[in-house]
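Comments concern the structure below.
The values are calculated or read from the model by the stated rules, or taken from the named source; none is laboratory data. None of these values were measured; they are calculated from a predicted model. Backbone-built Cβ (ideal geometry, glycine too); neighbour counts: all protein chains shown. All accessible areas refer to the heavy atoms of the entire protein, side chains included, with ligands and DNA or RNA removed. Shrake-Rupley method; radii C 1.70, N 1.55, O 1.52, S 1.80 Å.
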Amino acid sequence: MQPEFFWKIREVRIIKDFYSVNEAIRDKEVRVIGSDGEMLGVMSSIQAQKLANAAELDLVKISPNAVPPVCKIMDYSKFKYEQSKREKENRKNQTVVELKEIRLSMTIDVGDIAVKTKQCLKFLEAGNKVKVSIRMKGRENARAYQGVKVMQDFFEGLEGKAVQDKKPSTEGRMIIMMLSPVKS
């Protein structure tokens with residue numbers, strides 16, 4: 001079973017991709033743009049449809065919220081193809097920044113910090129943000145300042161390759177610090 005929000009996202013996509021075409025345009029007057037990008041002016045939708053039919057193209061309402069609505073004479077199937085191609089190219093070029101987490105402990109040794117630092121540097125070089133956390137147990141809650149010191153030592157070990165988005169702070173039983181890569 002799909003979660004409820006999935007359907008809401010899908011509805012938004014359907015509305016976004018919908019354009020009124022040809023006889024579906026029922027407005028009295030529309031502002032018409034020719035196939036070459038030239039403004040043809042304000043006219044009735046019937047006249048605009050006749051112009052589109054004479055050019056053997058489609059009349060597409062591209063801006064329905066304008067007063068009067070803006071329609072363009074174009075090849076609708078070619079327009080949809082180019083639009084899907086553009087969206088595909090945009091999806092390919094976008095980078096997704098993930099949030100990676102590294103867990104430390106208050107009694108961590110120097111060698112273990114070196115291993116965690118190396119792993120953190122890999123995450124940062126890949127362009128991801130890193131959440132560094134320490135979970136305090138039992139009597140460690142009384143000495144949260146030691147955990148903050150461990151975090152500061154860890155950050156100094158990154159040799160300036162990271163920026164602190166959020167300084168180490170105690171939140172309940174956790175000490176959390178957020179890091180992001182240095183922009184070059």
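So here's what we get for this one:
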item	result
Total formal charge among the other residues, if their Cβ is under 15 angstrom from that of Ala66, Lys/Arg +1 and Asp/Glu -1	+2
Carbon + sulfur, % of accessible area of the chain - ligands and nucleic acids excluded, 1.4 Å	53 percent
Solvent-accessible heavy-atom area per residue, rounded to whole Å², over region 76-184 at 1.4 Å	69 Å²
Built amide H within the under 5 Å cut-off of Asp75, gap 5+	Asp58
Helix-derived mean residue ellipticity, 222 nm - over the chain, DSSP H n ≥ 4, -39500 (n - 2.57), to 500	-12500 deg cm²/dmol
Axial C-alpha extent at least 20 Å, average Kyte-Doolittle at least -1.0 - helices from the chain (DSSP)	4-17, 110-125
Gyration tensor verdict on region 19-68 (Cα atoms; rounded if a/c is under 1.5, prolate if a/b is larger than b/c, oblate otherwise)	rounded
Dipole magnitude of the chain about its Cα centre (Cβ charges: Lys, Arg +1; Asp, Glu -1), debye to nearest 20	780 debye
Dipole of the chain, positive direction: furthest Cα of Ser63, Gln94, Met151, with charges on the beta-carbon	Met151
Ranked packing of 128-140, 82-94, most packed first, by mean Cβ within 10 Å	128-140, 82-94
Neighbourhood net charge (11 Å Cβ-Cβ; Lys/Arg +1, Asp/Glu -1) for Ile113	-2
